[in-house]
Amino acid sequence: MNEKKLWIYSFLATALLLICLLVMWTKMNATNIPENQLSNQKQATDFLRENWEEKHPESDELIKIKTGLFIQSMKFDNTHDVEITGYLWQNYDKGQMETLGLDSTDVGFIFPEQVDSGSSIEPKEINRTTDEDGNQVVCWYFETILRQPFDYRQYPFDQQSVWMRMWPKNFTRNVVLIPDYDSYLSTDVTNIFGVEENIVLGDWQLNNTFFDYKLSSYDADFGIVDYFGQKEFPELHFNLFVKRKVANSFFVYVLPLLLAASLLFALLLTVIRDEKKSAEIGYSMNGFIGTSSALLFVVFFAHSNLRQEFQGTTLVYLDFFYIIMYIYMILLNINVYIFTVKSATWLTFIHYKDNLIPKILYWPVLLLSLVLATIPYL
């Protein structure tokens, strides 16, 4: 088979694998609609009845406190901590306050995942209204840092659900928080609500917000006799579903890889046996190894920055791109050494027509490796 046909086959294989990789990336970047959303009062009431009241008929009647949230800002401080500011309000009717034995100062909420940053402030009451029947609506401004186990394995195509788990301040009684749906214009499944319209999220875009309940169990009773919430008690969560903006990550971490791979391929094309032509183009084994070592440093520097961003986490999807590139560089240097010193003559695919086979297979094999590394993340 002539050399021209081999290059045509290489080009076609490269184009096919590139299209395959792009399709896989599109699928990974598709927005997932979170399940178990509670979009109205009936769904929330039905969930509580099916998952608590019917399973625990012997327990006291649930005291339901309407609770709403409005988020002003959100920022990821690191891989596990997210800083959120906003407003939270609760509706207390007079009968609930009397049942709970609460006075006007003994109301409020708790974020169980909150961590002390040294600069956090206690929720600040900003408004309290009381109607003619003695019912109260209390609103607080809060700043909090929440620690959560985010999953970055699909970076840069990762999507995160930032949840705000809420407890009533007085959780020694049979109290459950319920969403205050009446305070929002619309809480349909596809709607974004409870968030500042012009919120700035940096590398993230907000795709959905919703309330839901998660059944939580604890191996401690917090020192409370006959604690009702120790096993599978429904806890209210407000969720902000965000997806990473892919473009920035590609420019920062993928572009250096692409440039390094392209320059390495250009170097490989200079590998020829003819000494006269080698002198004309300036090829030498030492020059190839030296230049590829410089490219290796560029790749390693970009990879080091990536790992700095995800300290303490498992390998992310993009890590495998760098691992493949490291292996590729090592194998190409071995290939050039064997070709130049004319060793291992039994490796005919290396010595054939000025290292033609490795040159032709360079892009197809590299892209095939990336495709195979992508499959587990689909």
Residue hits (the stretch 140-160; under 24 Å from residue 116 (Cβ atoms) and not basic (Lys, Arg)) are 140, 141, 142, 143, 144, 145, 146, 148, 149, 150, 160
query = Is one or more of the residues making up the stretch 160-178 aliphatic (A, V, I, L, M), touching a helix residue (DSSP H, G or I) at 6+ places or on another chain (Cβ under 6 Å) and in contact (Cβ under 8 Å) with a residue 40 or more places away in the chain?
reply = yes
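Matching residues to (1) outside any loop (DSSP other than H, G, I, E, B); (2) modelled with pLDDT under 95; (3) among the hydroxyl-bearing types (Ser, Thr, Tyr); (4) not assigned by TED's automatic domain parsing to the domain that holds residue 223:
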position	(1), (2), (3), (4)
161	yes, yes, yes, no
167	yes, yes, no, no
182	yes, yes, no, no
187	no, yes, yes, no
193	no, no, no, no
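Pick from 293, 278, 262, 249: which is on the phi < 0 side of the Ramachandran plot, at pLDDT below 85 and among the polar types (S, T, N, Q)?
Going through 293, 278, 262, 249 in turn, the sole match is 278.
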With the first residue restricted to the stretch 326-354 and required to be at positive phi, and the second required to be modelled with pLDDT of 80 or more and exposed (fewer than 13 other Cβ atoms within 10 Å of the Cβ), Cβ contacts under 8 Å at 6 or more apart or on different chains are 353/3
Flagged in the stretch 303-359 as more than 25 Å from residue 286 (Cβ to Cβ) and touching a helix residue (DSSP H, G or I) at 6+ places or on another chain (Cβ under 8 Å), in numbering order, are 303, 305, 306, 307, 316, 317, 318, 319, 320, 321, 322, 324
Is there a residue being in a helix (DSSP H, G or I), loosely packed, with under 12 Cβ neighbours inside 10 Å, within 40 Å of the chain's Cα centre (by Cα) and at pLDDT 95 or above anywhere in the stretch 348-366?
no
Check your understanding: Within the stretch 27-44, is there a residue that is more than 28 Å from residue 159 (Cα to Cα) and surrounded by fewer than 17 Cβ atoms within 10 Å (Cβ to Cβ)?
Key -> yes
Selection from the stretch 1-58 of residues of a type in the set (Ser, Thr, Tyr), part of a helix (DSSP H, G or I) and farther than 27 Å from residue 182 by Cβ yields 9, 10, 14, 26
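State yes or no: is residue 2 surrounded by fewer than 12 Cβ atoms within 10 Å (Cβ to Cβ) and at pLDDT below 95?
Judged against the criteria, residue 2 is a match.
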Within the stretch 188-202, the residues that are more than 14 Å from residue 71 (Cβ to Cβ) and surrounded by 14 or more Cβ atoms within 10 Å (Cβ to Cβ) are 191
Filter the stretch 203-233 for residues that are over 26 Å from residue 159 (Cα atoms) and surrounded by 19 or more Cβ atoms within 10 Å (Cβ to Cβ); the one that is modelled with the lowest pLDDT is 229
Check on residue 65, in the same structural domain as residue 152 (by TED's automatic domain parsing) and not basic (Lys, Arg): yes
Filtering the stretch 107-151 for residues that are of a type in the set (D, E, K, R), out of contact with any strand residue (DSSP E or B) (no Cβ under 6 Å at 6 or more places or on another chain) and modelled with pLDDT of 90 or more leaves a count of 1
Filtering the stretch 8-19 for residues that are out of contact with any Leu (no Cβ under 9 Å at 6 or more places or on another chain) and touching a residue at least 24 places away in the same chain (Cβ under 8 Å) leaves a count of 1
Within the stretch 127-159, residues among the aromatic types (Phe, Trp, Tyr), surrounded by fewer than 20 Cβ atoms within 10 Å (Cβ to Cβ) and in a loop (DSSP other than H, G, I, E, B) come out as 150, 152
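The values are calculated or read from the model by the stated rules, or taken from the named source; none is laboratory data. Given the structure is predicted, the values throughout are model-derived calculations rather than measurements. Neighbour counts are summed over all protein chains in view; Cβ atoms, including those assigned to glycine, are modelled from backbone coordinates with ideal geometry.
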